[in-house]
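Enquirer: I have a structure here, written as structure tokens, and I will follow up with some questions on it.
The values are calculated or read from the model by the stated rules, or taken from the named source; none is laboratory data. Keep in mind it's a predicted model, so treat the numbers as computed, not measured. Cβ: placed from backbone, ideal geometry, glycine included. Neighbour counts: every protein chain shown. Surface accessibility is based on the protein's heavy atoms, side chains included, excluding ligands, DNA and RNA. Shrake-Rupley method; radii C 1.70, N 1.55, O 1.52, S 1.80 Å.
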Amino acid sequence: MSRPVPDFYQSLTDLAGKAIKDRDLGNKITIQVGSATCEHAAGSQVIAEEFLRQIRASGRKDIVIHRTGCTGRCSREPIVSVQVPGRLPVKYERVNRDLVFRIFSEHIQGDAPVTKHILDRTSDVISERELMFCEGSRCRRPGPDFRARFIAMLKERAVGPEKVRVVASSCFGSCGVSGGKASTFILARPEKILYQISSEEDLTELLESHVLLGLPVERLKAKEEPIALEFLERYGDVAFFNHQSRIALRNAGVVDPESLEEYVALDGFKALSEALDRRDPDWIISELTKARLRGRGGGGFSTGTKWGLARKQADTTRFIICNGDEGDPGAFMDRSMLESDPFNIVEGMIIGGYAIGAQRGFFYIRAEYPLAIKRIQLAIDHCRAHGLLGKDIMGSGFDFDLEIRLGAGAFVCGEETALIRSIEGERGQPKVRPPYPTDRGLWGHPTCINNVETFANVSAILRYSGDWYARIGTERSGGTKVFALAGKVVHTGLVEVPLGTTLSKVVNDIGGGVSGGKQLKAIQTGGPAGGFIPASMQDMEVDFEPLQKAGSIMGSGGMIVLSEDDCMVDIAKFYMAFSQEESCGKCTPCREGTTRILEILERITLGKGQPEDLDKLHRLSRLCQRTSLCGLGRAAPNPVLSSIKHFRDEYLAHIHDKHCPAKKCVALIHYEIIAEKCIGCTVCARNCPVECISGARKEAHVIDQQACIKCGNCFDVCKFAAIDRV
Amino acid sequence: MSACCSSTDNWPELERGYRAMLPEDILAFIDENRQMDRSESMLIATLHMIQGHYGHLGPGHLEAVAQLMQVPLAKVTGVATFYHYFRLQPRGKYLINVCLGTACYVKGAEKVAQKLMDELGIRYGETSKDGIFSLESTRCVGTCGLAPVIMIGDEVHGPLTPGQVPTLLDSYLARAAEDLAAASAPEAR
């Protein structure tokens, strides 16, 4: 019996393999430049052009530029990686035009990396090799500490860091394949060989053969490749990345988002081909259920169950929708995945379509993400041209097609029934559930709506099995979650960690702690629908239930770090203003409730709070939670309730003492000049927009409190800390 | 919805008038969609195209869309006013969008916005007298790592301090002046 799907997949990989081989990257120097919205904003396009100019001028044919998506290391963009065959890749941070010239002349032409500008530089020594020890906390078996032993061995033999560097990494995700022995996985770079070590003899052989002679040890090679091999190979040495476990983001920053060949070369569409070859949609659903994959949009509903429900419907006209209406302020993981690894999301959608028996799928993407829209459209076009979308996909007889529908700036459209209305061309107002969309959704037919990140995980689960995925997470939720780390934190960016990782690890170990040496006050998760986790609870494990218990939610994964400088009442007011403006106005509790809550919060921050306001806030919030029509209204009071719960003192200080402890609320502060410190430089007076600062040169100045608008300019510009905010 | 458009006697004449209000590619898009099932679901996409072409949605555009797509004008207006992304007023050459997402907010977006307002002499929703800049605020452009950011046209700028605002505006003024010179150059010849 002929098996059309494997044949089709074979010809696809052959085609991709040939295209990759023709490029002959193995013998060329690759300059990798990121290309996504953040990178463009930081100037990566100019950098790429400049490199191109340098390459042309040099006349060298063995240097190529490789475009990739976003690695998620936002605060250090633009990042450029130089890969010389046989060497470890060297990455540079905050590259500008001048640095391009230096990198090109010193590193590429002169073989001497510009060590001063290396990403997260820890030492000036460029090592020949690197060994990464997997130290994933979940699967770490009791046994000898191989890494410590290896470091000791290096010391005994006086092998220095220029020869080999030892790095500890979090979970490789190969846990399932080790077969019970007490062993450790070690990734040797730049050879990209994964070793499995279970004794000291193994370790010695690795050192003597691989490290000292450069001869790989066949005997110790692991059978399976870790899922994020390519990612680890390129970025594994950087602490920001190797504390992460990348599954959904495994190709981000590795693959060219506009190249089908590169995606296929990284085992792209392998999961789809297996799913289609088995001709068993229930297998897909059972793997997802085993994986304990839960909706990454925030609801946390089991994806396997949802797909199963849609599949059981009698109506055979069914739809699948990818929710890319990422409206939460402070969340940008969906944009990054759509821009950096679009084929993976498309593959997840096709698999989903097959599993539930849909004929058509829709990407609903917000219009504010032009690059994501462009890349997804390109991916869809490529897939159509190669028989991966349209009629008879991969020769399996399955017909399915995808199209993009644009959002138009309405936060409520992230709610599934509102999103359906919007695709239908209506005002995006939610409907009462049930019926749930899996029963009656788009145009009245069964519809599955999943978040971008959910789809990003699907192909990985099918390739590595549901059990493997479940092992990475917690009891109740499998796998990893991507967080968008932003706010007052040293390293902002995208962080993918196993569910169950502590907040503190994300913020302190990966994020590098609070910026400016300030104290951590709280971590906000879940955007306007979420709440605050106070610093005292930072050892909490990140998962759906613990977050909910603390009065917050997982949400789509925004994580905003707040420092001692932030006023909780003010931030709660910020979120309430957001929800109030985004309320669609259909139901009264949400429309009126958010407005009144906002009024009370405004009153409090203006110093006009009344003693009974806290009770009123409580009552209104509960009412809004209980009686609103959709998730927006039900979740809108969360920031208020959780800030009252954890930071009641701050509210009381505002209401009773008319004092803002964080000195943020303009109405409750004023500025004074400390006469002893003021040297009379006149800078403050010159920068005052209302000219309320008076004083002669070289004499202490005075602020006219009546005229002062409290803009804070003087406070910011004074170089002598002579202005006090009280 | 029936394929035949109208019961009015002067429909051909009306249709000509409405067709004259929209550019060719959008007319082609509408015609193509009318062949499809559930063509009214393409309303938002159509409005996106018109705004992309003209920069805003004028009353005439909405009426033309309603007539040509055979959707009630009330619905077209309802949709156009529901979504924040659609603008019903013309705007300046460069639209400045100040991101007021959480990350930008805690990192001082308001001060940047204040500086923009001071420099341009306009508030949110207004256009500068020379017609070059319009100022709007937006909810999170998704580049939180660079906070605080503003978007001018399609370009994202960040992290910004209020002090950088004048230089940034000047660069766009220079660009606008260049465009103007380029546009008038052929006439001079």
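Enquirer: Can you tell me which residue is farthest from A:Q313 (Cα to Cα) among those in region A:442-468 that are open to solvent by 10 Å² or more (accessible area, probe 1.4 Å) and within 14 Å of another protein chain (Cβ to nearest Cβ)?
Expert: Checking each candidate, the answer is A:W443.
Enquirer: Right, another one. List the helices (runs of 4 or more DSSP H) inside region A:329-430, counting only whole elements, that have at least 1 residues being touching a helix residue (DSSP H, G or I) at 6+ places or on another chain (Cβ under 8 Å), in contact (Cβ under 8 Å) with a residue 12 or more places away in the chain and within 14 Å of chain B (Cβ to nearest Cβ).
Expert: Counting at least 1 such residues, we get A:333-340, A:370-385, A:416-423.
Enquirer: Do you know which residues across region A:489-509 are surrounded by fewer than 24 Cβ atoms within 10 Å (Cβ to Cβ) and within 14 Å of chain B (Cβ to nearest Cβ)?
Expert: Passing the criteria: A:V490, A:H491.
Enquirer: Here are the criteria: (1) assigned to a loop (DSSP other than H, G, I, E, B); (2) on the phi < 0 side of the Ramachandran plot; (3) open to solvent by 60 Å² or more (accessible area, probe 1.4 Å). Tell me which single one A:C678 does not satisfy.
Expert: That leaves (3) as the condition not met.
Enquirer: Among the residues of region A:287-333, which ones are of a type in the set (A, V, I, L, M), more than 22 Å from A:S579 (Cα to Cα) and open to solvent by less than 10 Å² (accessible area, probe 1.4 Å)? Quick ask: steps written out before the conclusion?
Expert: First pass over region A:287-333, keeping only residues of a type in the set (A, V, I, L, M): A:288, A:291, A:293, A:309-310, A:314, A:320-321, A:331, A:333.
Right, trim to more than 22 Å from A:S579 (Cα to Cα) and you get A:288, A:291, A:293, A:309-310, A:314, A:320-321.
Selection gives A:L288, A:A291, A:L293, A:A310, A:I320, A:I321.
Enquirer: If A:A410 meets every condition in (1) under 20 Å from B:T46 (Cα atoms); (2) at pLDDT 95 or above; (3) out of contact with any strand residue (DSSP E or B) (no Cβ under 6 Å at 6 or more places or on another chain); (4) aliphatic (A, V, I, L, M) apart from one, which number is that one?
Expert: (2)
Enquirer: Out of A:R476, A:R471, report the one residue that is within 22 Å of the chain's Cα centre (by Cα), away from every other protein chain (no Cβ under 14 Å), at pLDDT below 90 and open to solvent by 10 Å² or more (accessible area, probe 1.4 Å). Steps first, answer last, please.
Expert: Working: A:R476 fails: at pLDDT below 90.
Just a single option satisfies the conditions, and that option is A:R471.
Enquirer: Where in region B:73-189 are there helices (runs of 4 or more DSSP H), lying fully within it, with 2 or more residues that are surrounded by fewer than 20 Cβ atoms within 10 Å (Cβ to Cβ) and facing chain A (nearest Cβ under 9 Å)? Don't jump to the end; show me each part of the working.
Expert: Working: elements: B:73-82, B:102-106, B:109-120, B:165-188.
Here the list reads B:73-82, B:109-120.
Enquirer: Taking helices (runs of 4 or more DSSP H) that fall entirely within region A:190-305, which contain at least 1 residues that are of a type outside the set (S, T, N, Q), farther than 26 Å from A:M394 by Cα and at pLDDT below 95? First the steps, then the outcome.
Expert: Working: elements: A:200-205, A:229-235, A:239-242, A:260-265, A:270-278, A:281-291.
Fully inside region A:190-305 and qualifying: A:200-205, A:229-235, A:239-242.
Enquirer: Going through region A:549-585 one residue at a time, which ones are touching a strand residue (DSSP E or B) at 6+ places or on another chain (Cβ under 9 Å), in a helix (DSSP H, G or I) and either facing another protein chain (nearest Cβ under 10 Å) or under 30 Å from A:G428 (Cα atoms) (or both)? Can you show your working first?
Expert: Step one: filter region A:549-585 for residues touching a strand residue (DSSP E or B) at 6+ places or on another chain (Cβ under 9 Å), giving A:550-566, A:568, A:571-572, A:575.
Next, from what is left, pick out any that are in a helix (DSSP H, G or I): A:568, A:571-572, A:575.
Hits for region A:549-585 are A:I571, A:A572, A:Y575.
Enquirer: If you take the residues in region A:169-189 that are part of a strand (DSSP E or B) and open to solvent by less than 10 Å² (accessible area, probe 1.4 Å), which one is modelled with the lowest pLDDT? Spell out how you get there, then give the answer.
Expert: Let us first name the residues in region A:169-189 that are part of a strand (DSSP E or B), namely A:169, A:184-189.
Next cut, open to solvent by less than 10 Å² (accessible area, probe 1.4 Å) only: A:169, A:186-189.
Working: A:S169: 81, A:I186: 88, A:L187: 89, A:A188: 90, A:R189: 87.
So, considering only residues that are part of a strand (DSSP E or B) and open to solvent by less than 10 Å² (accessible area, probe 1.4 Å), the one modelled with the lowest pLDDT is A:S169.
Enquirer: Report whether or not B:G92 is among the small types (G, A, S) and more than 27 Å from B:H48 (Cβ to Cβ).
Expert: On the way: among the small types (G, A, S): yes; more than 27 Å from B:H48 (Cβ to Cβ): no.
For B:G92, the condition - among the small types (G, A, S) and more than 27 Å from B:H48 (Cβ to Cβ) - is not met.
Enquirer: Test A:A484 against the stated conditions and say whether it is within 17 Å of the chain's Cα centre (by Cα), of a type in the set (G, A, S) and within 13 Å of chain B (Cβ to nearest Cβ).
Expert: Numbers: within 17 Å of the chain's Cα centre (by Cα): yes; of a type in the set (G, A, S): yes; within 13 Å of chain B (Cβ to nearest Cβ): yes.
When the stated conditions are applied, A:A484 passes them.
Enquirer: For region A:307-328, name all the residues that are touching a residue at least 40 places away in the same chain (Cβ under 8 Å), assigned to a loop (DSSP other than H, G, I, E, B) and more than 14 Å from every other protein chain (Cβ to nearest Cβ). Spell out how you get there, then give the answer.
Expert: Taking region A:307-328 as the starting set, the residues that turn out to be touching a residue at least 40 places away in the same chain (Cβ under 8 Å) are A:307, A:309-311, A:313, A:315-328.
Next cut, assigned to a loop (DSSP other than H, G, I, E, B) only: A:313, A:315-318, A:325-328.
The answer is A:Q313, A:D315, A:T316, A:R318.
Enquirer: Among the residues in region B:41-54, are any open to solvent by less than 70 Å² (accessible area, probe 1.4 Å) and more than 27 Å from B:G153 (Cα to Cα)?
Expert: Yes: one or more hits.
Enquirer: I've got another one for you. Which of the residues spanning region A:682-713 are more than 13 Å from every other protein chain (Cβ to nearest Cβ) and either under 18 Å from A:I669 (Cβ atoms) or within 39 Å of the chain's Cα centre (by Cα) (or both)?
Expert: Residues satisfying the conditions are A:C684, A:C692, A:I693, A:V702, A:I703, A:D704, A:Q705, A:Q706, A:A707, A:C708.
Enquirer: Among what's in region A:28-42 and is more than 10 Å from chain B (Cβ to nearest Cβ) and in a loop (DSSP other than H, G, I, E, B), pick the residue that is nearest to A:C74 (Cα to Cα).
Expert: Restricting to residues being more than 10 Å from chain B (Cβ to nearest Cβ) and in a loop (DSSP other than H, G, I, E, B), the top hit is A:S35.
Enquirer: Scan region A:448-495 residue by residue and report those that are of a type in the set (A, V, I, L, M) and in a strand (DSSP E or B). Don't jump to the end; show me each part of the working.
Expert: Residues of region A:448-495 of a type in the set (A, V, I, L, M): A:449, A:452, A:456, A:458, A:460-462, A:470, A:472, A:482, A:484-486, A:489-490, A:494-495.
Selection gives A:I449, A:V482, A:A484, A:L485, A:A486, A:V489, A:L494, A:V495.
Enquirer: Okay, moving on. For region A:86-114, what are the residues that are touching a strand residue (DSSP E or B) at 6+ places or on another chain (Cβ under 7 Å) and either open to solvent by 50 Å² or more (accessible area, probe 1.4 Å) or closer than 12 Å to A:V33 by Cβ (or both)?
Expert: A:K91, A:Y92, A:V95, A:I103
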